[in-house]
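Below is one structure; the comments refer to it alone.
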Amino acid sequence: MSRARTALVVAQREFTTLLRTPTILVLALGFVVVVGGFVLAAGTGGYLPLVLDLVAPMEILVPLLAFAFGYRAIQSDADRGELETIQTYPLSRLSFVGGVFLGRLAGLLPVVLVALGLSAGAVVFTPGDAVSVVVRHGTVDAPVLFLRFVTLTVLFTAVALAVAVAVSAAARSGREALAIAVVLVIALVLGFDATIVAALSGGLIGPDALGTLTALSPNSAYRGLVYTLAVGDVYTRSAPTPSLLAGTAGLTLWFVGALGVAVARVWRE
Amino acid sequence: MTDERTEDTADGTTAESAATDTVADAADPTLVVEDLVVAFGDLVAVDDVSFTVAPGTVTCLVGPNGSGKTTLIRAVADLVGIDHGSVERPESATRPVGYLPQAPAFRPQFTVAETLQFYADLTGESVDVDAAVNRVGLGGVPDRRVDALSGGMTRLLGIAQATVGDPPLVLLDEPSSGLDPMMTRHVADVITDLAADAAVLVTSHDLTAVERIADQVLVLDRGRIVAADSPAKLQASTGTDDLESAMSELVASESGQVATRDAEVDG
């Protein structure tokens with residue numbers, strides 16, 4: 001059987017597992033409600049303001065949800081001893097990890113897309129002109145900007161899930177997986193940026209290096225790409241963000257690196 | 001000290017050569033293990049072990065707790081690295097080796113039939129899941145969720161899983177551990193049936209069942225094969241009436257004490 005078909009068999013198992021796990025369903029619903037709450041609280045009246053309102057919450061909520069969906073995916077099989085059974089079947093580490101990732105992504109992406117779709121719906125169906133910091137730039141507000149934001153958020157979701165799957169493959173116990181997941185989420189949301197700020201204030205790096213260094217954090221890379229591709233020049237940035245190239249490279253490295261770690265650690269070849 | 005231990009069996013042949021000869025009359029053994037050594041740091045769990053398993057036979061690994069049975073069967077399944085020696089497994093089959101771990105467990109969100117279907121799909125071959133379920137006696141509960149199965153039923157599901165894809169070599173690690181006498185007897189019957197199509201290697205503490213199903217018994221003590229023969233010949237060579245007495249005789253004469261070893265090595 002081809003690697004792709006084997007991966008699909010594994011992916012189907014992962015997707016079904018998600019559908020039959022009540023905790024996951026509650027978390028998915030909670031994600032949609034929280035995102036909706038942000039939109040309603042902001043009273044957003046345009047696509048561009050919606051992007052600006054959502055980018056920061058997404059930086060936090062997407063990694064949280066991705067880790068909830070993925071941090072135990074492989075580890076639970078290992079903990080149960082089932083991973084050893086699976087190893088005796090004719091499938092490669094790449095097929096298995098790829099299948100786990102795709103199956104979990106198939107469950108995760110609809111949740112993110114539903115939340116963003118409902119947010120866009122709020123813009124479409126909300127009457128009146130809501131006031132926003134960028135509303136005077138109405139000529140550049142268009143659904144295509146929001147679609148770019150959605151596309152970048154989908155990519156960011158995939159990267160966050162890849163990191164979660166790597167954690168699930170590397171951890172030796174459920175407790176260790178949870179501990180690593182918590183540390184990584186904190187690092188992604190706060191740690192990387194805080195470290196760069198500390199290095200800047202300490203004189204270890206200069207302001208010129210900020211654009212590149214911030215791309216090392218997937219959150220900063222995502223933020224930079226959103227500002228570059230979905231917001232454009234209508235928003236004056238208060239802090240340096242990665243360039244298009246650096247941001248793309250940063251996310252790609254995290255994605256490939258994380259899945260590489262998962263493949264290397266899932267079992268001995 | 002391992003150096004001081006002899007491998008001579010009661011009739012003067014070495015245990016390892018006996019292990020190789022007992023079932024090696026078959027032209028092409030399904031499994032050939034030669035000079036196998038598996039160590040965890042300073043602890044040698046499997047120490048220079050050689051044996052063969054012929055197709056259509058049941059070989060049972062017996063020995064005290066910590067003697068290296070589980071490590072040996074996991075090495076044969078290619079689940080632990082080996083430090084020396086070789087393990088020749090079947091190569092032609094889609095799924096060369098079927099494996100039942102000591103404590104089989106499955107995703108609780110799935111039913112018995114769904115679990116077996118997943119493993120069948122991994123082989124890429126058309127598998128009659130209903131037949132696999134019926135073969136182990138779970139025909140009445142194909143739609144029951146795995147987390148609602150008893151320990152015995154989970155073990156039977158594990159055995160069914162081990163046979164998915166018709167592997168020519170089936171490895172079963174304590175398949176009847178913790179089961180009631182009726183279930184133990186049923187598992188023994190299932191193993192006998194499996195041997196019609198495959199070579200079966202089983203670890204077990206249930207010497208009554210071993211006596212009934214084994215074509216070859218390998219007695220392990222502190223990682224080494226100290227005796228290898230059919231149950232009847234082991235009893236004859238030790239002058240005992242049953243396999244339990246024979247094993248006690250063989251292990252006591254080897255070590256002079258009860259073996260103790262980290263449960264992680266051989267639980």
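Can you tell me the dipole magnitude for segment B:95-167 around its Cα centre, using point charges on the Cβ only (Lys, Arg +1; Asp, Glu -1), in Debye to the nearest 20?
So the dipole magnitude of segment B:95-167 works out to roughly 280 debye.
Give me the accessible area per residue for segment B:95-167, probe 1.4 Å, as a whole number in Å². Don't jump to the answer; show the numbers that get you there.
Values: 2490 Å² over 73 residues.
On a per-residue basis, 34 Å².
What is the mean number of Cβ atoms from other protein chains located within 10 Å of the Cβ atom of each residue in peptide B:118-126, rounded to a whole number?
6
Using a 10 Å cut-off around each Cβ of peptide B:156-167, what is the average number of partner chain Cβ atoms that fall inside?
So the per-residue partner count for this stretch is 1.
Sort the following peptides by mean Cβ neighbour count (other Cβ atoms within 10 Å, averaged over residues), highest first: B:136-142, B:207-213, A:49-55. Mind dumping the intermediate values first?
Working: B:136-142: 17.7, B:207-213: 19.7, A:49-55: 22.4.
By packing density, highest mean first, the sequence is A:49-55, B:207-213, B:136-142.
Provide A:Leu245, A:Leu102, B:Leu43 ordered by accessible surface of protein heavy atoms (probe 1.4 Å), highest first.
Heavy-atom accessible area, descending, gives A:Leu245, A:Leu102, B:Leu43.
Roughly how large is the A-B contact in terms of buried accessible area, totalled over both chains, probe 1.4 Å, nearest 100 Å²?
Buried area (both sides, nearest 100 Å²): 2300 Å².
Rounded to the nearest 5, what % of the DSSP beta bridges within the protein assembly as shown are antiparallel ones?
Around 50 percent antiparallel, to the nearest 5.
Check B:Arg144: other-chain or 5+ apart residues with amide H under 5 Å from its amide H, H built from backbone geometry?
B:Val112, B:Ala113
For peptide B:98-105, compute the average count of partner chain beta-carbon atoms within 10 Å of each residue's beta-carbon.
4
By average Cβ neighbour count within 10 Å, what is the ranking of B:70-76, A:189-195 from highest down?
B:70-76, A:189-195
List, in order, the whole-Hz ³J(HN,Hα) value for each residue of segment B:52-67 obtained from phi through the Karplus relation with A = 6.51, B = -1.76, C = 1.60 and θ = phi - 60°; use x for Gly and Pro.
In residue order, the calculated couplings are 10, 10, 8, x, x, 10, 10, 10, 10, 9, 10, x, x, 4, x, 7 Hz.
Order of A:75-85, B:143-153 by packing, highest average Cβ count within 10 Å first?
Going by the mean number of other Cβ atoms within 10 Å, highest first, we get A:75-85, B:143-153.
Quick one: putting +1 on the C-beta of Lys and Arg, -1 on the C-beta of Asp and Glu, what dipole do you get for chain A around its Cα centre, in Debye to the nearest 20?
With only Lys, Arg, Asp and Glu charged at Cβ, the dipole is about 620 debye.
Using θ = phi - 60° and the Karplus form 6.51 cos²θ - 1.76 cosθ + 1.60, what ³J(HN,Hα) does each residue of segment A:89-102 get, whole Hz, x for Gly and Pro?
9, x, 9, 8, 4, 5, 4, 5, 5, x, x, 4, 4, 5
Probe radius 1.4 Å, ligands and nucleic acids ignored: give me the carbon and sulfur share of the accessible area of segment B:95-167 as a rounded percent.
46
Given Cβ point charges of +1 (Lys, Arg) and -1 (Asp, Glu) and nothing else, what value in debye, to the nearest 20, does the dipole of the protein assembly as shown about its Cα centre take?
That gives the protein assembly as shown a dipole magnitude of about 3440 debye.
Could you give P(r) for chain A, binned at 5 Å from zero, as whole percent values over all Cα-Cα pairs?
Spelled out bin by bin, chain A gives 1, 6, 12, 16, 17, 15, 13, 9, 6, 3, 1, 0, 0 percent.
With a 1.4 Å probe on protein heavy atoms only, tell me which residues of segment B:59-94 lose at least 40 Å² of accessible surface in the complex relative to the chain by itself.
The answer is B:Leu79 - residues whose exposure falls by at least 40 Å² when every protein chain is included.
Largest first, how would B:Asp197, B:Asp83 line up by accessible area (1.4 Å probe)?
Numbers: B:Asp197 115, B:Asp83 95 Å².
So, going from the largest accessible area down, we get B:Asp197, B:Asp83.
Quick one: what are the phi-derived ³J(HN,Hα) couplings along segment A:146-163, Karplus 6.51/-1.76/1.60 with θ = phi - 60°, whole Hz, x for glycine and proline?
Values per residue, Gly and Pro as x: 5, 4, 5, 4, 4, 4, 5, 5, 4, 5, 5, 4, 5, 5, 4, 5, 4, 5 Hz.
From the protein chains alone at 1.4 Å, what is the descending order of accessible area for B:Lys233, B:Lys69, largest first?
B:Lys233, B:Lys69
Taking amide H positions as placed in the peptide plane 1.01 Å from N, state which residues far from B:Phe40 in sequence (5 or more) or on other chains have amide H under 5 Å from it.
B:Ala45
For B:Leu172, what residues show an amide H to amide H distance below 5 Å, using hydrogens built from the backbone and excluding near sequence neighbours?
B:Leu100, B:Leu201, B:Val202, B:Thr203
Determine the per residue accessible area of chain A with all protein chains present and a 1.4 angstrom probe, expressed in square angstrom.
Accessible area per residue, chain A: 45 Å².
To the nearest 10 degrees, how steep is helix A:47-70 against the longest Cα principal axis of chain A, on a 0 to 90 scale?
The helix A:47-70 is inclined about 20 degrees to chain A.
The values are calculated or read from the model by the stated rules, or taken from the named source; none is laboratory data. If you're wondering where the values come from, they're calculated on a predicted model, not measured in any experiment. Virtual Cβ from ideal backbone geometry, glycine too; neighbours counted across all protein chains shown. Just the protein is used for accessible areas: all its heavy atoms, side chains included, with ligands, DNA and RNA removed. Shrake-Rupley method; radii C 1.70, N 1.55, O 1.52, S 1.80 Å.
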